[in-house]
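Beneath this line is the structure, given in structure tokens, with notes to follow.
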Amino acid sequence: MVRRVAMVFGIVFLLVGILGLVSPGGMSMAADPTPAMILGLFPVNLLHNIFHLAFGVWGLVAARSFAGAKMYAQVGGVVYIVLAICGLVFPTTFGLLPNHGNDVWLHAVIGVVLAGAGFAAKEEMSATAPAGMKM
């Protein structure tokens, strides 16, 4: 399950990063006063888009193993929960990263889902019975 979560989040983050780069103003470093907007809802800038692309690649690589996916979900979940809290206190992350408005609730949801998947993850057992076991 956690491997699938890492893969899905990896793909979505890659797509969001690409969408952010091709949006009008998505290659700008402006975080304040008017950053680019994805879908007219989520503020982004070049640094934000690079972060999404890197997080997406990490998710795809992490999905290759249970341990990697679990770490991705746990660390990513905590990072996104911290980002949500920071968005309330430092909405432009010191002028580097737009992290306000709809980003706050989106980061909180992403953080809770990833952390939940990561901290609840249990390695899946093989469907076959061990040698010598009779069914």
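The values are calculated or read from the model by the stated rules, or taken from the named source; none is laboratory data. Computed from a predicted model, the values in this text were never measured in an experiment. Cβ sites come from the backbone with ideal geometry, for glycine too, and all protein chains shown count toward neighbours. Heads up: the accessible areas ignore ligands, DNA and RNA and are worked out on the full protein's heavy atoms, side chains in. Shrake-Rupley method; radii C 1.70, N 1.55, O 1.52, S 1.80 Å.
Quick look at the numbers
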read-out: Average Cα contact separation per residue, the chain, under 8 Å, 6 or more apart, as relative contact order %; value: 28
read-out: Solvent-accessible area of residue 105 with every protein chain in place, 1.4 Å probe, in Å² to the nearest 10; value: 130
read-out: Degrees separating the helix 2-22 axis from the principal Cα axis of the chain, which is the longest one; value: 20
read-out: Dipole of the chain [Lys/Arg +1, Asp/Glu -1 at C-beta], most positive-end residue of 63, 38, 105; value: 63
read-out: Label of the coordinate-derived value, log10 I(q)/I(0) by the Debye sum over Cα atoms at q = 0.10, 0.12, 0.16, 0.18 Å⁻¹, listed as (1) -0.44, -0.62, -0.97, -1.11; (2) -0.37, -0.49, -0.78, -0.94; (3) -0.31, -0.44, -0.77, -0.96; value: (2)
read-out: Prolate/oblate/rounded label for region 36-88 (Cα gyration tensor, a/c 1.5); value: oblate
read-out: Centre separation in Å (Cα based) which lies between region 47-84 and region 86-109; value: 18
read-out: Percent accessible area from carbon and sulfur atoms, the chain, protein chains only, probe 1.4 Å; value: 76
read-out: Stretch gain in nm, segment residue 123-residue 102, where the contour uses 0.36 nm per residue and the Cα spacing is subtracted; value: 4.1 nm
read-out: Proximal charge balance of residue 10 [Cβ under 11 Å; K/R count +1, D/E count -1]; value: +3
read-out: Net lengthening on full extension, residue 30/residue 54 (0.36 nm per residue, minus Cα-Cα); value: 6.7 nm
read-out: Diffusion coefficient, µm² s⁻¹, Stokes-Einstein with Kirkwood Rh over alpha-carbon pairs of region 59-127 at 25 °C and 0.890 mPa s; value: 192
